[in-house]
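What follows is a short report on a single structure.
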Amino acid sequence: MVLSDLAVTFGQGVRGSLFLFVVTFYMGLPQLGAVLLLSQFVFGIVAGPIWMSIAARLGKHRTAITGELVQVAINLSLLLVTPGNLSLLIGLTIAQGLVQGSGNLMLRAMVADVADHHRLKTGQDRTALFFSTFSISMKAGMALAVGVAFPLVAFAGFDPAAAGQSPEALSALLLIFALGPALAHLASALMLRGFPLEEASHAAVRRELDRQVNLASAS
């Protein structure tokens, strides 16, 4: 789960670090960069309750995998964006905003389930410790994203300080912007396969924990 979160954060970091470059240099619309980036985050906040509703039907880990695979499709679709096709970029930006928080949200919900299971098996409540591991994966993912994305686009010839950009450099910029997150979210989905703590299993864990609490209260 920590590695899955690392992959999610890496994908988000690559997308976030290159987003303004793509809008400014590839699309040639520097005036829209901040607006589009902000709208993506706004739609991400709005979509939170939607993903919780989906998780109530599919289960947390299936919802997490579904969200990651949808993000793979969205990021691959970015390869179809051309400098004159603003409507497609806007549509994919909104779609990305609606999906981008699914992995973060579901993984943290899954950790709470794991903490319940651990408490039942050991008698120790280490929920805070388990959640704290995400601070490592988040920081490492963001640092890795910047450390990979910027050198790659620079190697391809892209330089934001240059007077002009070659078509090859701009094509490489879009390629890295699309494929980097797509591969990261695919890796995240693959790592979540076979997660053993299904909804029914967690419900049984919660019932036993509640039973133990009630017995302790009665004593």
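The values are calculated or read from the model by the stated rules, or taken from the named source; none is laboratory data. Quick caveat, the model's predicted, so the values are computed rather than measured. Here Cβ is always computed from backbone atoms with ideal geometry, including for glycine, and neighbour counts include all displayed protein chains.
Of L173, L197, all but one fail to be in a helix (DSSP H, G or I) and on the phi < 0 side of the Ramachandran plot; the exception is L173. Checked against (1) over 30 Å from G97 (Cβ atoms); (2) in contact with a helix residue (DSSP H, G or I) (Cβ under 8 Å, 6 or more places away or on another chain); (3) surrounded by fewer than 16 Cβ atoms within 10 Å (Cβ to Cβ), A218 passes all but condition (2).
Within the stretch 141-155, can one find any residue that is farther than 14 Å from L18 by Cα and β-branched (V, I, T)? Among the residues of the stretch 141-155, not one is farther than 14 Å from L18 by Cα and β-branched (V, I, T), which makes the answer no.
Considering (1) in contact with a Ser or Thr (Cβ under 7 Å, 6 or more places away or on another chain); (2) in contact (Cβ under 8 Å) with a residue 24 or more places away in the chain, the lone condition that H117 does not fulfil carries the number (1).
Results for (1) within 15 Å of the chain's Cα centre (by Cα); (2) at pLDDT below 95; (3) not hydrophobic (A, V, I, L, M, F, W, C), shown as yes or no for each residue.
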{"residue": "S132", "(1), (2), (3)": "no, yes, yes"}
{"residue": "M138", "(1), (2), (3)": "yes, yes, no"}
{"residue": "M142", "(1), (2), (3)": "yes, yes, no"}
{"residue": "A162", "(1), (2), (3)": "no, yes, no"}
{"residue": "L173", "(1), (2), (3)": "no, no, no"}
{"residue": "G180", "(1), (2), (3)": "yes, no, yes"}
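Taken over the stretch 40-54, the criterion of being of a type in the set (A, V, I, L, M, F, W, C) and within 16 Å of the chain's Cα centre (by Cα) is satisfied by F41, V42, F43, I45, V46, A47, I50, W51, M52. Residues in the stretch 5-23 that are surrounded by 17 or more Cβ atoms within 10 Å (Cβ to Cβ) and either farther than 27 Å from L192 by Cβ or in contact with a His (Cβ under 8 Å, 6 or more places away or on another chain) (or both): 6 in all.
Among the residues that make up the stretch 12-26, is at least one of them out of contact with any strand residue (DSSP E or B) (no Cβ under 9 Å at 6 or more places or on another chain) and on the phi > 0 side of the Ramachandran plot? Among the residues of the stretch 12-26, not one is out of contact with any strand residue (DSSP E or B) (no Cβ under 9 Å at 6 or more places or on another chain) and on the phi > 0 side of the Ramachandran plot, which makes the answer no. Filtered by the rule that a residue be within 13 Å of L6 (Cα to Cα) and among the aliphatic types (A, V, I, L, M), the stretch 129-168 gives I136, M138, A140, M142, A143, L144, A145.
Among the residues of the stretch 162-170, at least one is part of a helix (DSSP H, G or I), more than 30 Å from M52 (Cβ to Cβ) and touching a residue at least 24 places away in the same chain (Cβ under 8 Å).
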